[in-house]
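*Asks:* For reference, the structure I am asking about is given below.
Taken together, the values in this text are just the output of simple stated rules run on the coordinates, not laboratory data. Just so it is clear, the model here is predicted, and its values are computed rather than measured. Virtual Cβ from ideal backbone geometry, glycine too; neighbours counted across all protein chains shown.
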């Protein structure tokens with residue numbers, strides 16, 4: 001099982017996929033704007049730990065760090081990313097990071113795809129409803145990216 005995470009300080013998307021690319025759980029943790037940073041990071045840590053334990057998650061995937069025009073927002077997101085990574089690390093779960101371009105390329109086949117194109121492809125792949133939050137969609141995308149990347153590495157290791 002792989003847990004895909006789209007970290008954020010207001011909303012965090014998450015998705016658990018089996019290694020056969022079956023969606024087991026996905027959603028959005030609403031952290032809100034009014035909670036303080038300690039409460040937000042505690043909520044992220046708790047949810048990630050619960051998802052790992054409940055679904056037997058063996059790997060965690062998230063997008064690599066990106067540039068943000070607001071340094072304060074970037075710092076808050078960094079804390080939430082750190083809370084997710086710490087929860088995984090304390091459970092002995094490795095964390096893999098992918099660039100947004102790699103995620104789009106893995107899902108759509110084109111690294112400069114729009115968010116709408118990624119969402120459409122995910123709806124087709126997983127028979128999803130039309131209205132998923134962008135955070136949940138991003139979490140599904142990074143989890144699927146991880147599964148496809150790991151599958152390629154396994155094939156290369158077998159000499160295919």
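*Asks:* With the contact rule set at Cα under 8 Å and sequence spacing of 6 or more, what percent relative contact order holds for region 2-157?
*Replies:* 33
*Asks:* Using the alpha-carbon atoms, what tilt in degrees (0 to 90, nearest 10) does helix 37-55 show relative to the longest principal axis of the chain?
*Replies:* 40
*Asks:* Once the Cα atoms of helix 115-126 and of the chain are each reduced to a long axis, what angle between those two axes, in degrees from 0 to 90 to the nearest 10, is obtained?
*Replies:* Helix 115-126 sits roughly 60 degrees off the main axis of the chain.
*Asks:* Let me ask another. Who wins for biggest fluctuation among 127, 26, 18 in a Gaussian network model of the chain, springs between alpha carbons below 10 Å?
*Replies:* Highest fluctuation of the listed residues: 127.
*Asks:* Please report 54, 59 as a ranked list, fewest other C-beta atoms within 10 angstrom at the top and most at the bottom.
*Replies:* 54, 59
*Asks:* While we're here: With each run of n ≥ 4 DSSP H residues scored as -39500 (n - 2.57), what mean residue ellipticity at 222 nm is computed for the chain after dividing by its residue count and rounding to the nearest 500 deg cm²/dmol?
*Replies:* Only helices count here, giving -17500 deg cm²/dmol.
*Asks:* Further, regarding this structure: With a/c under 1.5 counting as rounded, go ahead and sort region 71-153 into rounded, prolate or oblate using the C-alpha gyration tensor (a ≥ b ≥ c being the square roots of the eigenvalues; past the cut-off, prolate if a/b is larger than b/c, else oblate).
*Replies:* Prolate, since a/c reaches 1.5 and a/b exceeds b/c.
*Asks:* Using only Cα atoms, find the angle between the long axis of helix 134-157 and the longest principal axis of the chain, and express it within 0 to 90 degrees, rounded to the nearest 10.
*Replies:* The angle comes out near 40 degrees.
*Asks:* Next up: So for region 2-157: antiparallel DSSP bridges make up what percent, rounded to the nearest 5?
*Replies:* 60
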